[in-house]
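Engineer: Take a look at this one; I'll ask things after.
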Amino acid sequence: MTKKRLKQKRSQANKIYPAWELIKKISTLLSILIILIVLILGCIWLAGSQLFTLDNNKYILFASSKIDSSKAKIYLAYFLPSEQKILIFPLQSQLVGVIGGYGEYQLSAVYPLLKMEKKDNRFQSAAMSWGVGVVIDEVSELSLALDLESKNHLQKQLIKMVIDNFVHSKSLVESLQLFFFTRSVPAEQVRIETRPVSIDQLATFTVSMIYEDCLVAVVNTTNKVGLAAEMSKILEKSGVVVVRVTDQSSPYQLSNISYAVDNLACQVLADRAVSLFPNQVVKQDSPQLRQEYRADLVILIGEDLAKRMN
């Protein structure tokens, strides 16, 4: 073998060796990363009930995005930690008004419509809240292959919800809270209606008033008649104590929620009440407003919402 060929072989070996070393290092790092991920997921699975505690009622709407499918279904799920209970109602598809100037649609078609229109989660929650008549905290897409007929089915749907919300930190935490709460609830405490119920029938399923420490006033500052009364009905069916429903002549352009920031019940309720508004809501702490309307939390309905109701 000539010196030239020997030199070439050594040069090739020198090139291969660093590449092989790099591959080994990358493989080692990937193995460590996978082990860490497995350990983290294992810890979350074992201690999830302590890490992600559901402290407040949540109403989640599970809806199919297939507008023309015969399998399209829509469910309303009540997660009630105060009673350690879950209620699930398949809803009848009936005509409902859709905010945003859409007019009336069959209930099962509302979510597909809003998804096709690329409406964000805030608008979806608001539209479904006004359509169904209770505060909807979140709308989650229902898999066509899955009917909510058991606790196991619900857990599978919530896992899908966790995956869908993976890149949204707040929604991800709330989805994990729902999942681990469901895991902790005995199967006999998960009540699932077998027949679809109408929106009007939902009012007959009483939900305990869980916000007794936060009395609410709803004030319509717009010219749209009956807006405060309609909102108060939705709030009351969602466990809220409404002590005053009234109008005022001074219009607000932006809807406003005023509450005492040191009142925990009002903090939670304010976060839930924003689901009734498709736009951003101004939050403030105004003792003057609370004193004027003799309530712990005052919702001032502004022109931004009234325009959406046309």
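Engineer: For a quick check of your reading of the model, give me the residue pairs whose first member lies in segment 270-281 and is of a type in the set (S, T, N, Q), whose second is modelled with pLDDT under 90, with beta-carbon atoms closer than 8 Å and at least 6 apart or on different chains.
Structural biologist: The qualifying pairs are N279/R308.
Engineer: Take the conditions buried (at least 19 other Cβ atoms within 10 Å of the Cβ), out of contact with any helix residue (DSSP H, G or I) (no Cβ under 8 Å at 6 or more places or on another chain) and not hydroxyl-bearing (S, T, Y) and apply them to L269. Does it pass?
Structural biologist: Answer is yes for this residue.
Engineer: Select from segment 91-120 the residues that are surrounded by fewer than 15 Cβ atoms within 10 Å (Cβ to Cβ) and closer than 20 Å to K160 by Cβ and list them in ascending order.
Structural biologist: If the condition is that a residue be surrounded by fewer than 15 Cβ atoms within 10 Å (Cβ to Cβ) and closer than 20 Å to K160 by Cβ, then D120 is the only one that fits.
Engineer: Continuing with this model, one more query. If you go through segment 223-250, how many residues are touching a Phe, Trp or Tyr at 6+ places or on another chain (Cβ under 8 Å) and either β-branched (V, I, T) or at positive phi (or both)?
Structural biologist: 5
Engineer: Read through the list (1) surrounded by 15 or more Cβ atoms within 10 Å (Cβ to Cβ); (2) modelled with pLDDT of 90 or more; (3) among the hydroxyl-bearing types (S, T, Y), then give the number of the only condition that S238 fails.
Structural biologist: With respect to (1) surrounded by 15 or more Cβ atoms within 10 Å (Cβ to Cβ); (2) modelled with pLDDT of 90 or more; (3) among the hydroxyl-bearing types (S, T, Y), S238 is out only on (2).
Engineer: Now, a different point. Output the number of the condition that L202 fails; it satisfies all remaining conditions of (1) closer than 22 Å to K66 by Cβ; (2) not in a loop (DSSP other than H, G, I, E, B).
Structural biologist: With respect to (1) closer than 22 Å to K66 by Cβ; (2) not in a loop (DSSP other than H, G, I, E, B), L202 is out only on (1).
Engineer: Can you tell me which residues in segment 231-260 are under 16 Å from L215 (Cβ atoms), of a type in the set (A, V, I, L, M) and assigned to a loop (DSSP other than H, G, I, E, B)?
Structural biologist: Answer for segment 231-260, where residues must be under 16 Å from L215 (Cβ atoms), of a type in the set (A, V, I, L, M) and assigned to a loop (DSSP other than H, G, I, E, B): V240, V241, A260.
Engineer: Search segment 184-193 for residues being assigned to a helix (DSSP H, G or I) and touching a residue at least 60 places away in the same chain (Cβ under 8 Å), and hand back the single one that is farthest from the chain's Cα centre (by Cα).
Structural biologist: Per the criteria, the residue is Q189.
Engineer: Moving to a separate point now. Within segment 158-183, take every residue that is touching a Leu at 6+ places or on another chain (Cβ under 7 Å) and free of Cβ contacts under 8 Å to residues at least 12 places away in the same chain and give me the one that is nearest to E138 (Cα to Cα).
Structural biologist: For segment 158-183, the residue satisfying everything is N165.
Engineer: Let me spell it out: the conditions are (1) buried (at least 16 other Cβ atoms within 10 Å of the Cβ); (2) at pLDDT below 90; (3) of a type in the set (S, T, Y); (4) more than 23 Å from the chain's Cα centre (by Cα), and Y211 meets all of them except one. Which number is the exception?
Structural biologist: With respect to (1) buried (at least 16 other Cβ atoms within 10 Å of the Cβ); (2) at pLDDT below 90; (3) of a type in the set (S, T, Y); (4) more than 23 Å from the chain's Cα centre (by Cα), Y211 is out only on (4).
Engineer: Among the residues of segment 280-294, is any among the basic types (K, R), assigned to a loop (DSSP other than H, G, I, E, B) and surrounded by fewer than 18 Cβ atoms within 10 Å (Cβ to Cβ)?
Structural biologist: There is at least one residue in segment 280-294 that is among the basic types (K, R), assigned to a loop (DSSP other than H, G, I, E, B) and surrounded by fewer than 18 Cβ atoms within 10 Å (Cβ to Cβ).
Each row is one residue, and each column tells you yes or no for (1) over 28 Å from D247 (Cβ atoms); (2) in contact with a helix residue (DSSP H, G or I) (Cβ under 7 Å, 6 or more places away or on another chain); (3) assigned to a loop (DSSP other than H, G, I, E, B); (4) modelled with pLDDT under 90.
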| site | (1), (2), (3), (4) |
| --- | --- |
| K170 | yes, no, no, yes |
| E174 | yes, no, no, no |
| T182 | yes, yes, no, no |
| T222 | no, yes, yes, no |
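Engineer: Looking at V134, V162, V190, V197, can you tell me which residue is among the aliphatic types (A, V, I, L, M) and over 21 Å from E83 (Cβ atoms)?
Structural biologist: Going through V134, V162, V190, V197 in turn, the sole match is V162.
The values are calculated or read from the model by the stated rules, or taken from the named source; none is laboratory data. This one's a predicted model, so the numbers in the text were calculated from it and none came from an experiment. Every residue, glycine as well, gets a Cβ built from its backbone with ideal geometry; the counts of neighbours run over all protein chains shown.
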